[in-house]
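Trainee: Take a look at this one; I'll ask things after.
Where a number appears in this text, it was derived from the coordinates with a stated rule and is not lab data. Because the structure is predicted, anything quoted here is derived from the model rather than measured. Every residue, glycine among them, receives a Cβ derived from its backbone with ideal geometry; neighbour counts consider all protein chains shown.
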């Protein structure tokens, strides 16, 4: 087995998981299943065949449930296996494009602030895994980014 780093983007469908060896993307896994169904199955397979050094994930904003599920699963896996866990906001994977919140409201990021704005016809970029793995782009602070409107 060789050491790899894993990147998980599970804030919207499809869920994207990238496998990186020597900082280069060598495999992409995509799933339209719910995070609660797909992430455990995918990681069961990955752990059988690979030695994982780091897991990096998009910690929000996006689907509240997907963020919660991926965080709890990946944080637990990190604690149980001593795999290092890192995070970055989802805008890193879609060229800072708006991310769907609800109806015609979107999460937008300006500088370092994330807020919800009503946008009628947003220009949306698909989420994409980077071709090259750069650990310095991620943070060891992995708490989810939950931005919810007041009730």
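Trainee: Let's test the formula: R0 of 35 Å, r as the Cβ-Cβ distance of residue 72 and residue 118. What FRET efficiency results, to the nearest 0.05?
Mentor: Approximately 0.70, to the nearest 0.05.
Trainee: Also, I was wondering about something else. On a 0 to 90° scale, report how tilted helix 35-49 is relative to the longest principal axis of the chain, with both axes built from alpha carbons and the result rounded to the nearest 10.
Mentor: Around 20 degrees separate the two axes.
Trainee: Once you put a point 7 Å from the Cα of residue 110 and another 7 Å from the Cα of residue 125, both along the Cβ direction, what distance in nm separates them?
Mentor: About 1.8 nm separates the two model spin labels.
Trainee: Multiplying the sequence separation of residue 65 and residue 26 by 0.36 nm and subtracting their Cα-Cα distance, what value in nm do you get?
Mentor: 11.2 nm
Trainee: Order 126-139, 49-62, 14-27 from most to least packed using the mean count of other Cβ atoms within 10 Å.
Mentor: Ranking, from highest mean packing down: 49-62, 14-27, 126-139.
Trainee: Let me ask something else. With the radius of gyration and the Kirkwood radius both derived from the Cα set of the stretch 1-85, what is their ratio Rg to Rh?
Mentor: Rg/Rh for the stretch 1-85 comes to 0.93.
Trainee: Calculated from DSSP H runs of 4 or more alone, at -39500 (n - 2.57) each and per residue, what is the 222 nm mean residue ellipticity of the chain, nearest 500?
Mentor: Taking each H run of at least 4 residues, the total per residue is -7500 deg cm²/dmol.
Trainee: When the convex hull of the C-alpha atoms of the stretch 95-151 is computed, what volume per residue in Å³ does it have?
Mentor: Each residue corresponds to 116 Å³ of Cα convex hull volume.
Trainee: For the chain, taking Cα atoms only, what is the radius of gyration to one decimal and the Dmax to the nearest whole Å?
Mentor: Answer for the chain, Rg first and Dmax second: 15.1, 49 Å.
Trainee: Give the relative contact order (percent, whole number) for the chain; include only Cα pairs under 8 Å separated by 6+ residues.
Mentor: Relative CO of the chain lands at 25 percent.
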